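Structure, as structure tokens:
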Amino acid sequence: MPLYPRAPPQTTYREYLQKLVGASGSVEAANTAANRVRWILDCTMTAKGAFEYRREELAILSGGSTNDEVISDDAVATSFLESISRDDGIVWRYLERAELAALIGCTLFIHGGVPDGAAGWVPTLEMRYETPDASAPVGGRVLPDGHSVASWVTAINDFMREALREYRGQMEWQAEGEVSDDRSERRRGGEALMAMTSTPASWKRSLVTESMLQQGSPMPASPLTEEYFWTRGVRRVVCGHKPCGDSPFVVTPSASSGVRIEYVHGDTTYSDQSAPDSRGEALAAIELEGDMAALGASRVRLRGTLVGGKRYDFCLPARDASDASGVGELAPPSGSGAAEVAVAVGRQLPGNRWVKAILDDGSFHVARLEPGDRVVRYETIPPSVAEAMAGADHDDQPPLKTSKVSE
């Protein structure tokens, strides 16, 4: 079985089995479907424990409980395999409806990030799920000059559909000896789609594995990528992949930073490490309002609950691809209790602090990041303090205030 292409440390399947059985155990006897699934989950997907969670789930679905219902290893492994191999399998049904990217108005939705070289690049079925030689040319293809973001999004989603069809046509590796024992001559369907889950296998161009958040700090797209988006009408990117704390992390356009696109990070996994699900009370909704059919004005509404129970509900300023400034105008929402427009959210303050949310009591939820430290610390500060902290460093942006969209 080939070694999965990712950054070290890596654990081969044989190493995993050897650790499982110990020095005197038989690796061959431990080479079961269940242990292969465990290795895939534990070592290649950073989903350690998922095998046992599935066992608990199957026990409950069968009408029993996790205490009195015995579900065998084979039954658990079969449930994973049939979830993708059967037409009615839940994973297969999800993948049939999934997309690598979605463009709604002037908003691009992706899982991870858009690294250099990814915009306008389309993967192809020839890509392998392995680390390419350093001298190997970049695979995939680049769309012709002048293409639109919509045509790029369509092309990469067409690739995904094509790779899924290839996978269902050949779900297993070619048997050893049928072609060659050499890994380079052995394939299985959908391998190129698996390559999109690997940084080296995708030449660091994957919208899935790359991220615009590094060690808790936002990393907007490069000026070249922003130019690609800006000239093609994209004014906002909504993404996830890496945890961003107990509320969405926004990076707002700013002349001082050179950022022209609005970025909204939405992965609130690991919000509360003390909670059984590592999320706790944290809950976030990212909603898009406005013109969804064209490149007109639209805005993001963020609402939810922080760890500890504090709540927030506000709108970001509208963005409009038809306006040269990128700023849009939207009619205020109807009804009482409408959200506020929070121009402060997404602003960077001195001390590597970022305004993440405006809380219901008017205070600011602020993230403080230390260089090289993966731990994100949070502060709750009054608007007046944040205004003083901003000072003249952000004189290109409006004052750190919120304003009612409607009464």
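Just a few scattered comments:
- Matching residues, the range 121-151, being surrounded by 15 or more Cβ atoms within 10 Å (Cβ to Cβ), in contact (Cβ under 8 Å) with a residue 40 or more places away in the chain and closer than 18 Å to LEU108 by Cβ: TRP121, PRO123, VAL149
- Enumeration of residues in the range 269-287 that are part of a loop (DSSP other than H, G, I, E, B), touching a Leu at 6+ places or on another chain (Cβ under 8 Å) and hydrophobic (A, V, I, L, M, F, W, C): ALA282
- Matching option when the condition is outside the structural domain of ALA119 (by TED's automatic domain parsing), in contact (Cβ under 8 Å) with a residue 60 or more places away in the chain and within 20 Å of VAL355 (Cα to Cα), among GLY309, GLY240, GLY304, GLY266: GLY240
- So ASP42, is it surrounded by 15 or more Cβ atoms within 10 Å (Cβ to Cβ), in contact (Cβ under 8 Å) with a residue 24 or more places away in the chain, acidic (Asp, Glu) and closer than 30 Å to HIS241 by Cβ: yes
- Some residue of the range 270-278 being of a type outside the set (S, T, N, Q), in contact (Cβ under 8 Å) with a residue 24 or more places away in the chain and buried (at least 20 other Cβ atoms within 10 Å of the Cβ): no
- Here SER184 meets each of (1) at pLDDT below 90; (2) small (Gly, Ala, Ser); (3) under 20 Å from the mean Cα position of the chain (by Cα) with one exception, condition (3).
- Condition met for SER325 (within 18 Å of VAL234 (Cα to Cα) and modelled with pLDDT under 70): yes
- Matching entry among SER151, SER135, SER198 (being assigned to a loop (DSSP other than H, G, I, E, B), closer than 24 Å to ARG97 by Cα and modelled with pLDDT of 85 or more): SER198
- VAL208 being modelled with pLDDT of 90 or more, closer than 30 Å to ASN352 by Cβ, aliphatic (A, V, I, L, M) and crowded, with 22+ Cβ neighbours inside 10 Å: no
The values are calculated or read from the model by the stated rules, or taken from the named source; none is laboratory data. This one's a predicted model, so the numbers in the text were calculated from it and none came from an experiment. No Cβ is skipped: glycine too gets one built from the backbone with ideal geometry, and neighbour counts run over all protein chains shown.
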